[in-house]
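Inspection log for the structure reproduced underneath, given as structure tokens.
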There are 2 protein chains.
Amino acid sequence: MNAGVDDRRSTILRAIIEAYIDAAEPVGSAYLASLPGMRVSPATIRNVMSALEGEGYLHQPHTSAGRVPTEKGYRRYVDELMTSADPGPDRAGQVQGFFAKAHQEIEELLSSTTHLLTRMTDLAAVVTGPSAHRARIVSVQLVALSSRTVVVVVVDANGSVEKRTIVWPGEVDSGQLADIGNALTAHFREREVRDVDSPPRFEDPELDKLGAYAFVAVREAVRDAERDGVFIEGASRIAASFGAVETVRDVISILERHYLVVTLMRSLLSRGQGVAIGSEHGVSSLRECAVVVAPYSVDGVEVGTIGLIGPTRMNYASAIGVANLVSENLSRRLSEG
Amino acid sequence: MNAGVDDRRSTILRAIIEAYIDAAEPVGSAYLASLPGMRVSPATIRNVMSALEGEGYLHQPHTSAGRVPTEKGYRRYVDELMTSADPGPDRAGQVQGFFAKAHQEIEELLSSTTHLLTRMTDLAAVVTGPSAHRARIVSVQLVALSSRTVVVVVVDANGSVEKRTIVWPGEVDSGQLADIGNALTAHFREREVRDVDSPPRFEDPELDKLGAYAFVAVREAVRDAERDGVFIEGASRIAASFGAVETVRDVISILERHYLVVTLMRSLLSRGQGVAIGSEHGVSSLRECAVVVAPYSVDGVEVGTIGLIGPTRMNYASAIGVANLVSENLSRRLSEG
DNA sequence: CCTTGGCACTCGGTAGACTTGATTGCTAAT
DNA sequence: ATTAGCAATCAAGTCTACCGAGTGCCAAGG
């Protein structure tokens, strides 16, 4: 079925990569020959390894060492050699159980989903909230904080609430605020935010001006929401994967810059890639890392992403399996009702 | 003025600690004797160091090494020996400039304050949001998400917005929701949340039941808010401070558990401590860390905390100075208007 | 032509011996 | 009480030797 899976070169490459993922140490021909499925002698294996190295799939740290996979090797493994990423019924059950008991609040749901991911894979996990631009706004309200400041509160159909505090251009009048809130609610209601690009119109020119002002605040609130709804957890889990403290610091430093991580994941998805290995994603501080992404959907529309970040020698099969599994369950959970 | 500052033992202890904070290497008698203020010979200094070690202020890693401060040594330094924690006019200007340009949104303000702290000190920084229980609620609104679910949206006087999604006990009626929202707003308005412990009363028994139900949601929203308004940043900055990757992982793992950090800081403040060193705070994973805390106030009432976390050999004077400076500026910023 | 056993070769890592240098504690002189 | 001098200690660096894992290559065998 899968081209190349059964010829010897591929079998050996796969065995090397799996052994390396397992033990994090260079893999030698003698060990490979001792594996149950292997019917050839170490010498033959050495010939094959030498060829694989020539093609760039393996690397030898020094003459008297075994082989280590290169980025190209991992790539081939992920694309062709890896055995199905089925996470197994126990893990499936664990995830289903989690979503069955999950909390109402969407932020808590996403945050604990991140926790679930990092616990199941021992990798750093990322979950981005449903894109606020694609959400449907259910309510807009203006609340006076003082005689000069007003909070614009926006509730969307996912149940997430955004707000923006603004300096009111004039004296606050609670009747006006209510009118504008109602008009904005009616204006946005049942349309995706990104499709609404002009403010509602009012008869009264004074109201019209204020309404346009509040309209801008709504759009800004939605824009802010894109940035806030990002959950990252598990930096500590991958700390031990890297030898140099330097690398640990670089990686954690990136994980602290949420928007950068989100940008990275989005750009991978938009290129249709589910896995980026080492330098493929172009973030130099993460050159010793691999990233696994999966989108999730609400009512059939992809609105958010799930990601896992770990060392290039992560267990890809497990990571991809869990990411997909969680993505499916999360999509189902958010689409119901 | 400060008992013990001028006798020789104290001078030497202070010099050792400051040198160690600076260079992270054991300090020897020859180096100390070469310091400008020091008028005695290495031999004399050795006698003093030996005495200080006997009293538990210093520790010698091995026979032919210099001395390193113990927790007790740092404690004495912070309590008695440290020279004033005045951060200097340039830093004061930097902080003032920051708050002058700071953003409206309270969450963004606190988040960027955390960023400011970690940048200025190169330590991990924590800022907890103003206690929601002490805030005054300005508005409560009920928004229908579907025929069975309702979002209760709470706006407080700080401009922060909390929400809680609940399953509505009955068919949603938008008129009822508005009435209940208005009643709750009036009920909570201008009182601290923690002082309101009974729901508003309604004539209609149906409304009364629903009102009590929504009232519970408001309280839960406020409780959740305590947990959400925590900002931690700078884990990567202190990664390089620890030799063992193991330690790095432990520390970062604690920093990822926000509520634990908040509990720690609160318990320090409630005991009136501004600094906890090493094992003093009782969190074993942070035994190689010190924590500096400072409360901040809104309108004269302490409502939140600022914290800095770093290795025990952090620069205490700088950390305490910056924490206090930022605390003052943040208090002023949040109290105005 | 592919596979395999044999064998020389390479090189990282470990262990031991030795040296160096930093730093101390002690003692006796000031 | 202070200090100079001095022997003692010990981590860290250097050098050497050696071991062992693992390779590459060659020649023999299927």
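The values are calculated or read from the model by the stated rules, or taken from the named source; none is laboratory data. Remember, it's a predicted structure, so these values are computed and weren't measured experimentally. Note that each Cβ is placed from the backbone with ideal geometry, even for glycine, and that neighbours are counted across all protein chains shown. Just so you know, the surface numbers come from the protein's heavy atoms only, side chains and all, with ligands and any DNA or RNA stripped out. Shrake-Rupley method; radii C 1.70, N 1.55, O 1.52, S 1.80 Å.
Based on the Cα gyration tensor of region B:133-228, what are the three equivalent ellipsoid semi-axes, each the root of five times an eigenvalue, rounded to whole Å and given largest first?
Details: eigenvalues 84, 45, 23 Å².
Sorted largest first and rounded, they come to 21, 15, 11 Å.
Each copy carries a label point for residue A:209 at 7 Å from Cα toward Cβ; from one copy, the others' points are 5.0 nm away, ordered from shortest. Average accessible surface for region B:133-228: 45 Å² per residue, computed with a 1.4 Å probe over protein heavy atoms with every protein chain in place. Among A:63, A:263, A:114, the largest mean-square fluctuation in a Gaussian network model of chain A (Cα springs under 10 Å) belongs to A:63. For region A:181-337, the carbon plus sulfur part of the accessible surface works out to 46%, probe radius 1.4 Å.
Packing around the peptides A:172-185, A:221-234, taken as the average count of other Cβ atoms within 10 Å per residue, puts them in this order, highest first: A:221-234, A:172-185.
Mind checking which of B:26, B:89, B:295 has the largest fluctuation in a GNM of chain B, springs on alpha carbons under 10 Å? Looking only at B:26, B:89, B:295, the biggest GNM fluctuation is shown by B:89. Remark: mean inter-chain Cβ contacts per residue of B:26-33 equal 0, using a 10 Å Cβ-Cβ cutoff to other protein chain atoms. Peptide A:241-253 has a mean of 4 when you count, residue by residue, the C-beta atoms of other protein chains within 10 Å of its C-beta.
For region B:133-228, what does the relative contact order come out to in percent, with C-alpha contacts under 8 Å and a separation of six or more? Walk me through the intermediate numbers first.
Details: 159 pairs, mean separation 31.2, N = 96.
For region B:133-228, the relative contact order is 33 percent.
For the residues B:314, B:38, B:120, a GNM of chain B with alpha-carbon springs under 10 Å puts the largest fluctuation on B:38. Relative to the longest principal axis of the Cα atoms of chain B, the long axis of helix B:42-54 makes an angle of roughly 40 degrees. Between chain B and chain A, roughly 3000 Å² of accessible surface gets buried, counting both sides and using a 1.4 Å probe.
Quick one: with all protein chains in place, what share of the accessible area of region B:8-81 is carbon or sulfur, to the nearest percent (1.4 Å probe)? It would help to have the intermediate numbers written out before the result.
Details: 1750 of 3680 Å².
Here carbon and sulfur together make up 47 percent of the probe-accessible area.
Before rounding to the nearest 500, sum -39500 (n - 2.57) across all DSSP H runs of length at least 4 in the protein assembly as shown and divide by the residue total; then give [θ] at 222 nm in deg cm²/dmol. Here the helix-only value at 222 nm equals -15000 deg cm²/dmol.
Axis angle, to the nearest 10 degrees, between helix A:106-121 and the longest C-alpha principal axis of chain A: 10 degrees.
Once you average over the residues of B:155-167, how many Cβ atoms of partner chains fall within 10 Å of each Cβ?
Numbers: counts 9, 3, 2, 2, 9, 3, 12, 1, 9, 4, 10, 2, 1.
For this peptide, the per-residue mean of nearby foreign Cβ atoms is 5.
Once you've got the Cα coordinates, tell me which of A:101/B:163; B:163/B:209; A:163/B:209; A:101/A:163 are over 24 Å apart. From the list (A:101/B:163; B:163/B:209; A:163/B:209; A:101/A:163), the Cα-Cα distance tops 24 Å for A:163/B:209; A:101/A:163.
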